[in-house]
Amino acid sequence: MEEFEEVVKKIVEETGKTNTEVLEMIYKKQEEYNNLISDVGAAYLVAKEFGIDVKSTANFTKEIKIKDLFGGLNSIRLKVKVLKIFPINTFKKEDGEGRVMNILVGDETGTARLVLWNEQIDDFKFKEGSSIEIINAYTKERNGMTEIRIGMYGIIREYDGEIEVKDTSIPKEYVEKKIAEIVFPEENIKVNAYIQKIFYKNPIIYYCRECSKVYETETCKDHGKINPIIVISGIMEDETSNIVFNMFTRTVESFLNTNKEEIIKLIENKGYDEFYKILENMLDIKYEIKGTTKETQKKNIEINVSYIKPINDEKYVGEKISQLKNSGGVSDV
Ligand SMILES: [Zn+2]
């Protein structure tokens with residue numbers, strides 16, 4: 001018998017509920033976890049709630065990428081590379097001294113902080129450069145940053161595979177603000193805001209880093225071929241005020257779950273009208289936005305967005321991808 005069926009059967013027997021009732025509870029449990037746990041994992045959780053003793057051998061946790069992390073997740077699994085191990089910090093607690101260690105980990109989608117406490121530090125035998133699998137972890141949001149932690153049942157083991165890490169920067173801490181409270185040069189801020197407007201202009205920018213100039217075409221007369229970047233700008237607002245934002249290549253790629261090449265292909269084939277039609281769907285949705293303030297030449301404050309995630313609409317990004325696909329922007333091949 002399948003493990004899932006086995007657990008369901010056991011819950012039915014022990015509780016006297018019907019099969020359908022039990023299944024409904026399991027799927028509801030999965031939804032509570034934003035579908036980040038497997039159906040077997042959810043079944044075990046329901047069993048646990050009824051105090052039913054079922055020993056799990058299941059692949060309990062669901063794999064997640066760093067870019068998809070947010071605070072409050074449970075029973076997740078990640079394959080990451082250890083990028084940097086920071087010195088152990090000690091702190092006083094009621095029964096003596098506690099220890100905490102931060103580890104910077106990364107996968108192909110970004111970096112995050114793994115936080116280990118006390119005995120977990122002694123159990124951690126890996127070095128910088130090791131590939132590891134973190135199983136049954138949970139996340140916590142602190143200072144605008146999502147931390148990965150492992151609880152009593154979490155383990156870290158060696159992962160025998162390649163993990164490609166593109167970005168090795170340390171995730172920043174962000175101060176939560178209302179837009180009206182944002183002052184320059186306060187650096188890293190987090191706001192909950194709506195996108196009110198997106199400026200209609202070509203998002204493909206040819207910016208030569210060497211001479212710090214923007215060109216119309218992909219060639220700088222002094223420095224040759226320029227690698228284009230994608231820039232989307234607009235206005236975001238919350239209940240207190242509004243502010244201009246800019247979103248650059250990596251954030252755009254992550255938000256639309258596509259890559260620069262696909263965006264450029266879409267725009268070259270269909271013009272940027274088509275791209276903006278997709279972006280119009282970003283309006284009127286509330287986002288959690290993290291970014292860095294900057295001051296323009298005219299002394300206005302803008303936010304360069306490094307992270308944006310819809311707050312109430314988990315399905316949003318998925319819909320955007322299918323729209324990009326339908327409009328020929330993303331190929332499956
Ligand atoms: Zn140049």
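Only residues that are in contact (Cβ under 8 Å) with a residue 60 or more places away in the chain and open to solvent by 80 Å² or more (accessible area, probe 1.4 Å): list them for the stretch 173-182, please. Before you say what the answer is, go through the steps one by one.
Taking the stretch 173-182 as the starting set, the residues that turn out to be in contact (Cβ under 8 Å) with a residue 60 or more places away in the chain are 174, 178-180, 182.
Residue satisfying the conditions is Lys178 alone.
For every residue, the table says whether it meets (1) modelled with pLDDT of 85 or more; (2) touching a Gly at 6+ places or on another chain (Cβ under 6 Å); (3) open to solvent by less than 80 Å² (accessible area, probe 1.4 Å).
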residue	(1), (2), (3)
Met1	no, no, no
Glu14	yes, no, no
Lys29	yes, no, yes
Asn59	no, no, no
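Could you list all residues from the stretch 187-241 that are part of a strand (DSSP E or B), among the charged types (D, E, K, R) and either open to solvent by 30 Å² or more (accessible area, probe 1.4 Å) or within 16 Å of the ligand (Cβ to nearest atom) (or both)? Full working, then the answer.
In the first step, residues of the stretch 187-241 are kept if they are part of a strand (DSSP E or B); the result is 188-198, 204-208, 213-215, 219-220, 224-225, 229-237.
Now restrict to residues that are among the charged types (D, E, K, R): 190, 197, 213, 225, 237.
Matches in the stretch 187-241: Lys197, Lys213, Lys225, Glu237.
For the stretch 252-268: of the residues being surrounded by 20 or more Cβ atoms within 10 Å (Cβ to Cβ) and under 20 Å from the mean Cα position of the chain (by Cα), which is farthest from Lys290 (Cα to Cα)? Walk me through how you get there before you give the answer.
Going through the stretch 252-268, the residues surrounded by 20 or more Cβ atoms within 10 Å (Cβ to Cβ) turn out to be 252, 254-256, 263, 266.
From the residues that got through so far, the ones that are under 20 Å from the mean Cα position of the chain (by Cα) too are 252, 254-256.
On the way: Val252: 13, Ser254: 14, Phe255: 13, Leu256: 16 Å.
By that ranking, first place goes to Leu256.
Filter the strands (runs of 3 or more DSSP E) completely within the stretch 70-160 down to those with at least 3 residues that are buried (at least 16 other Cβ atoms within 10 Å of the Cβ) and among the basic types (Lys, Arg).
Numbers: elements: 76-85, 89-93, 96-107, 110-117, 131-142, 145-158.
Of the strands (runs of 3 or more DSSP E) lying wholly inside the stretch 70-160, those with at least 3 residues that are buried (at least 16 other Cβ atoms within 10 Å of the Cβ) and among the basic types (Lys, Arg) span 76-85.
Give me the pairs: first residue in the stretch 36-55 and more than 13 Å from Leu23 (Cα to Cα), second residue hydroxyl-bearing (Ser, Thr, Tyr) and surrounded by fewer than 20 Cβ atoms within 10 Å (Cβ to Cβ), beta-carbon distance under 7 Å, and six or more apart or on different chains, which are they?
Here the result reads Phe50/Thr15, each pair linking the stretch 36-55 to a residue that is hydroxyl-bearing (Ser, Thr, Tyr) and surrounded by fewer than 20 Cβ atoms within 10 Å (Cβ to Cβ).
The values are calculated or read from the model by the stated rules, or taken from the named source; none is laboratory data. Note that the coordinates shown come from a computational prediction; the quantities given were computed from them, not determined experimentally. Using ideal geometry, Cβ is built from the backbone for each residue, glycine included, and neighbour counts are taken over all protein chains shown. Surface accessibility is based on the protein's heavy atoms, side chains included, excluding ligands, DNA and RNA. Shrake-Rupley method; radii C 1.70, N 1.55, O 1.52, S 1.80 Å.
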